[in-house]
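The values are calculated or read from the model by the stated rules, or taken from the named source; none is laboratory data. Small disclaimer: the values here were computed from a predicted structure and weren't measured. Here the Cβ positions follow ideal geometry from the backbone for every residue, glycine too, while neighbour counts run over all protein chains shown. Heavy atoms of the whole protein, side chains included, go into the accessibility calculation; ligands, DNA and RNA do not. Shrake-Rupley method; radii C 1.70, N 1.55, O 1.52, S 1.80 Å.
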Amino acid sequence: MPTFYVMDVWKAAAERARTHGDVLVLAAGQPSTPAPVPVLRATKTALDAELLGYTETFGILPLRQVIAEHHIRTYGYHVHADDVVITTGSSGAFTLIFLAAFDPGDTVVVARPGYPAYRNTLTALGCRVIELDCGPQHRFQPTVAMLDALPEPPAGLIVASPANPTGTMIAPAELAALARWCDEHGTLLISDEIYHGIVYPGIDTESTSSAWQTSREAVVIGSVSKYFSMTGWRLGWMLAPPRLRPALQRLASNMTVCPPAISQYAALHAFGPEARAELDGHVRRYAENRALLLEGLPKLGITDLAPADGAFYAYADIAHLTDDSTRWCADLLAHTGVALAPGVDFDTVNGNHTVRISFAGATADIEEALVRLGRYLEP
């Protein structure tokens with residue numbers, strides 16, 4: 001399995017923090033804030049009141065009901081608790097669905113640039129991965145025309161909206177068209193929706209949409225990691241069609257037994273109004289940080305930026321600065337203490353001259369990072 005380079009950046013940033021104490025980590029794909037207050041309160045209660053032993057493999061019923069209600073409230077489509085499969089993070093969800101739905105040799109299509117763990121995990125499982133060149137002319141997202149151009153329909157298609165690393169979104173009509181194409185061609189659509197809730201004003205799409213608004217044969221992946229500010233709690237979920245659930249049950253019961261019990265009881269309280277008010281405050285901070293970067297980076301000569309519709313990333317082409325983004329990011333960290341993620345993780349062709357900048361941290365850190373970057377780029 002190929003290296004996940006951003007983890008090397010985190011390791012180097014931790015060493016810089018130990019030796020210099022000046023690190024600004026803009027490489028991490030996670031919020032800089034703790035879980036919402038109601039979740040933390042519930043965790044303390046659960047420690048005293050719950051056994052916290054094994055749970056049902058697909059998760060406790062109250063949490064599956066809460067997540068079903070979340071989808072009903074957010075998207076307007078009906079979801080039953082039995083549709084919800086709780087997993088050990090969204091990473092666990094992807095591994096389970098890849099094993100349940102695909103055989104070695106199956107072809108699965110992903111977008112490039114895109115999240116590297118799709119490609120890396122599928123390759124390790126023996127699948128043939130086709131990367132669609134989704135450049136700026138397509139707003140870094142796949143289209144039906146790209147699928148029509150394939151020599152034959154693939155076994156699977158993975159989409160992400162908002163996407164990592166670009167933050168771009170698929171318009172609702174286009175997501176619906178992709179879902180219909182997959183249904184018509186026997187292709188499993190896996191829709192990564194873990195960044196839902198983190199969307200900014202003025203985007204070209206009408207609203208955040210979900211694959212299950214069009215197709216119940218699709219698989220929807222969710223998580224408490226991003227919007228809900230609970231990355232380390234390792235809790236995700238999927239909405240899965242009935243035909244896949246027996247295989248998912250067998251796989252999950254053998255591989256993980258169940259998701260973390262303490263995280264399940266805590267996450268019950270992540271979807272209520274008190275938690276949502278706190279989490280929406282984080283999104284307002286992300287929006288402020290996003291504006292700082294989208295205004296500040298061009299002033300430093302970094303002008304080729306992906307449209308950051310959602311999530312908390314700015315994805316920049318820095319071909320005018322380097323053709324080795326890994327070395328450039330390492331040098332930037334060594335000279336300034338600013339940690340960015342090199343694009344080689346996300347794009348196997350053009351990632352040598354792109355970087356991903358996370359703006360999920362404190363606003364003061366974004367401001368200081370721009371100052372340091374400006375000094376570094378001075379002739």
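Using +1 on the beta carbon of Lys and Arg, -1 on that of Asp and Glu, and nothing else charged, what's the dipole of the chain about the Cα centre, debye to 20?
Working: 27 positive and 40 negative charges, 161 e Å.
Using Cβ point charges on Lys, Arg, Asp and Glu, the chain gives about 780 debye.
Every Cα-Cα pair in the stretch 1-120 was counted, and those over 26 Å apart are 49% of them.
Positive contributions from Lys and Arg (+1) and negative ones from Asp and Glu (-1), summed over other residues with Cβ under 12 Å from the Cβ of Arg112, come out at -3. Shown for the stretch 8-110: the carbon plus sulfur share of the solvent-accessible area, taken with all protein chains present and a 1.4 angstrom probe, equals 55%.
Sorting the segments 157-168, 267-278 by their residues' average number of neighbouring beta-carbon atoms within 10 angstrom, most packed first, yields 157-168, 267-278. The mean sequence distance of close C-alpha pairs (under 8 Å, at least 6 residues apart), as a share of the length of the chain, puts its relative contact order at 24 percent.
Peptides 212-220, 103-111 ranked from most to least packed give 212-220, 103-111, packing being the mean of other C-beta atoms within 10 angstrom over each peptide's residues. Cross-link partners among lysines for Lys44, C-alpha distance below 28 Å, same-chain residues fewer than 8 apart left out? Within the straight-line limit of under 28 Å, Lys44 reaches these lysines: Lys226.
Just the number, please: percent antiparallel of the DSSP beta bridges in the chain, rounded to the nearest 5.
Numbers: 18 of 36 bridges.
Antiparallel: roughly 50 percent of the beta bridges in the chain.
So what is the orientation-averaged projected area of the stretch 188-266, using the convex hull of its C-alpha atoms, in nm²? About 6.6 nm², averaged over all directions.
For the chain, what does the accessible surface come to per residue with a 1.4 Å probe? Please give it in Å². Write out the running numbers ahead of the final one.
Working: 15570 Å² over 379 residues.
Dividing the accessible area of the chain by its residue count gives 41 Å².
Compactness of the stretch 91-225, taken as the C-alpha radius of gyration over 2.2 N^0.38 Å, stands at 0.97.
Taking the average, over residues, of other Cβ atoms within 10 Å as the packing measure, peptides 255-266, 322-333 rank 255-266, 322-333 from highest down.
If you look at the Cα atoms of the chain, you get an Rg and a Dmax of 20.4, 62 Å. For the stretch 54-130, the square roots a ≥ b ≥ c of the C-alpha gyration tensor eigenvalues yield an a/c of 1.5 or more together with a/b exceeding b/c, which makes the shape prolate.
Evaluated at q = 0.18 Å⁻¹, the base-10 log of the normalised Debye intensity for the stretch 239-379, with identical point scatterers placed on the Cα atoms, takes the values -0.99. Note on His320: accessible area approximately 110 square angstrom, rounded to 10, probe 1.4 Å, nucleic acids and ligands left out.
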